[in-house]
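Chemist: Can you keep this structure in mind? I'll have questions shortly.
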Amino acid sequence: MSSIYTVSDLTKYIKGMFDKDSKLVSVAIKGELSNFKLHYSGHCYFTLKDAGSQIKGVMFKSRAQFLKFEPRDGLKVIAFGQVTVFERDGQYQLYADQLIPDGLGELSIAFNQLKEKLATEGLFDESRKQPLKLLPKAVGIITSPTGAALRDIITVAKRRHPGMQLILYPVQVQGLEAPGQIVQAIRAFNSLGNVDVIIAGRGGGSIEELWAFNNEMVVRAIAESSIPIVSAVGHQTDYTLADFAADRRAATPSQAAELVVPDVYELKRYINTLQTMLESNTRSYLKERRQVLRQLRDNKVFIQPEKLFADKKQLTDLYVERLGQAVQKAIFSKQHAFKILTEKLSILNPLDVLARGYCLARTPEGEVITKAIQVTPGQSLEIILSQGRLDVDVVKVREDKNG
């Protein structure tokens, strides 16, 4: 009779067989990622599949932290690791030590993924770019103190502007320490504010050697800098992410120096040209003004000013004469009208009537007497004459029937 095993015993037995198989202890499996999940613990869980089958896989944080790209569903990869049994579920799975993109290199994938992420955030927008000063007082340099890039920058800068102040912040430009040092240098220049522009770069190299300038921390520090930055990574055709974030991109450190440092000799020639143009324009302007002045000086207004006023005087005399005549005519007309009105007023004046022998009778209350029936005998009246007044008492009242 065969032995009876527990589930755990059987699973351990099968796991032991997997662990003894040299092919399964170290295996490379090619497939497509699906159901990829990054756990909050830092472990990665996924399924690796092809057209005919699939296998579950896990990559622990201790290995996943060294991935240079972001694994995504649908990405074809080669997974290196061990195939063994997960005893709790009784299921075999892949314990991955390394994931490498199948086809494209992992650095290329990491580059494109980070570029897409930062572009979406707007870090590469042209609106963020700062202009370079025409005449910077000092230039900051972030590069290796022993590299050819520094020598090239100094050579070009001194040739173009011997008096330009160059301030070096020495850093490593490749290796694990490089990104942190480059970020620290950018922040130091911004904190001190002692330069007007920064050149950050290095000489040429492989994509691995240039990778510090694709680091996310470095790219963000470049984009956040309040001082304009010129990227000067020595590669003609390819771009680093630092190139996209920088305010200007130079293909080489030498070209960066040409962009940043003005050619004082060319500036001097330009200034001399401007000075010559200014002098020529000034002479032409003065010549034109003198010509205008001569024309004004020779004008009859200044030569014979009395002739200019002769006609004006004659017109003035004519207008004064006409004005006098108009005033006299107006006065005569008004006098005549006044005389007529005076005569009319004189006719209507009651005093003139009294002067012809008439008189005016009225009661003490001021009522004018025009009819005999208005008074009674014994009534007192006031008689107004042309000269003087009479107070009388009525003795008898007679009414003239015939008027």
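Chemist: All but one of (1) open to solvent by 30 Å² or more (accessible area, probe 1.4 Å); (2) of a type outside the set (Ser, Thr, Tyr); (3) closer than 26 Å to residue 223 by Cβ; (4) at pLDDT 90 or above hold for residue 150; state the number of the condition that does not hold.
Modeler: (1)
Chemist: Which one of these does residue 220 not meet: (1) over 26 Å from the mean Cα position of the chain (by Cα); (2) among the basic types (Lys, Arg); (3) open to solvent by 50 Å² or more (accessible area, probe 1.4 Å)?
Modeler: (1)
Chemist: Within the range 161-177, take every residue that is farther than 17 Å from residue 201 by Cβ and open to solvent by less than 50 Å² (accessible area, probe 1.4 Å) and give me the one that is nearest to the chain's Cα centre (by Cα).
Modeler: Top of the filtered list is 164.
Chemist: Given (1) assigned to a helix (DSSP H, G or I); (2) touching a strand residue (DSSP E or B) at 6+ places or on another chain (Cβ under 6 Å), where does residue 227 come up short, assuming only one miss?
Modeler: (1)
Chemist: Which number in (1) under 23 Å from residue 114 (Cα atoms); (2) loosely packed, with under 14 Cβ neighbours inside 10 Å marks the one condition that residue 191 misses?
Modeler: (1)
Chemist: Another question about this same structure. Any chance you could count how many residues in the range 171-196 are more than 15 Å from residue 221 (Cβ to Cβ) and in contact with a Ser or Thr (Cβ under 7 Å, 6 or more places away or on another chain)?
Modeler: 1
Chemist: Taking strands (runs of 3 or more DSSP E) that do not extend beyond the range 1-100, which have at least 2 residues that are open to solvent by 90 Å² or more (accessible area, probe 1.4 Å) and closer than 30 Å to residue 215 by Cβ? Show your work before the answer.
Modeler: On the way: elements: 27-38, 44-49, 54-59, 76-86.
In the range 1-100, 27-38 are the strands (runs of 3 or more DSSP E) which contain 2 or more residues that are open to solvent by 90 Å² or more (accessible area, probe 1.4 Å) and closer than 30 Å to residue 215 by Cβ.
Chemist: Looking at residue 84, is it of a type in the set (Val, Ile, Thr), modelled with pLDDT of 80 or more and within 37 Å of the chain's Cα centre (by Cα)?
Modeler: Values: of a type in the set (Val, Ile, Thr): yes; modelled with pLDDT of 80 or more: yes; within 37 Å of the chain's Cα centre (by Cα): no.
In short, no.
Chemist: Scanning the range 247-274 for residues that are outside any helix (DSSP H, G or I) and in contact with a His (Cβ under 9 Å, 6 or more places away or on another chain), which turns out nearest to residue 164 (Cα to Cα)? Can you show your working first?
Modeler: Here is the first cut: in the range 247-274, the ones outside any helix (DSSP H, G or I) are 247-252, 261-263.
If we keep only those that are in contact with a His (Cβ under 9 Å, 6 or more places away or on another chain) too, we end up with 251-252, 261-263.
Numbers: 251: 22, 252: 20, 261: 8, 262: 9, 263: 10 Å.
Among residues in the range 247-274 that are outside any helix (DSSP H, G or I) and in contact with a His (Cβ under 9 Å, 6 or more places away or on another chain), the one nearest to residue 164 (Cα to Cα) is 261.
Chemist: Mind telling me which of the residues 114, 118 ends up being under 26 Å from residue 223 (Cβ atoms), outside any loop (DSSP other than H, G, I, E, B), open to solvent by less than 20 Å² (accessible area, probe 1.4 Å) and not polar (S, T, N, Q)? If you could, list the steps in order and put the result at the bottom.
Modeler: Details: 114 fails: open to solvent by less than 20 Å² (accessible area, probe 1.4 Å).
Result: 118 is the single residue among 114, 118 that is under 26 Å from residue 223 (Cβ atoms), outside any loop (DSSP other than H, G, I, E, B), open to solvent by less than 20 Å² (accessible area, probe 1.4 Å) and not polar (S, T, N, Q).
Chemist: Something else: Which one of these does residue 189 not meet: (1) in contact with a Gly (Cβ under 7 Å, 6 or more places away or on another chain); (2) not in a helix (DSSP H, G or I)?
Modeler: Every listed condition holds for residue 189 apart from (2).
The values are calculated or read from the model by the stated rules, or taken from the named source; none is laboratory data. Predicted model only: the values in this text are computed from it and were never measured. Positions of Cβ are backbone-derived with ideal geometry, glycine not excepted, and every protein chain shown enters the neighbour counts. These area figures cover heavy atoms from the full protein model, side chains too; ligands, DNA and RNA do not enter into them. Shrake-Rupley method; radii C 1.70, N 1.55, O 1.52, S 1.80 Å.
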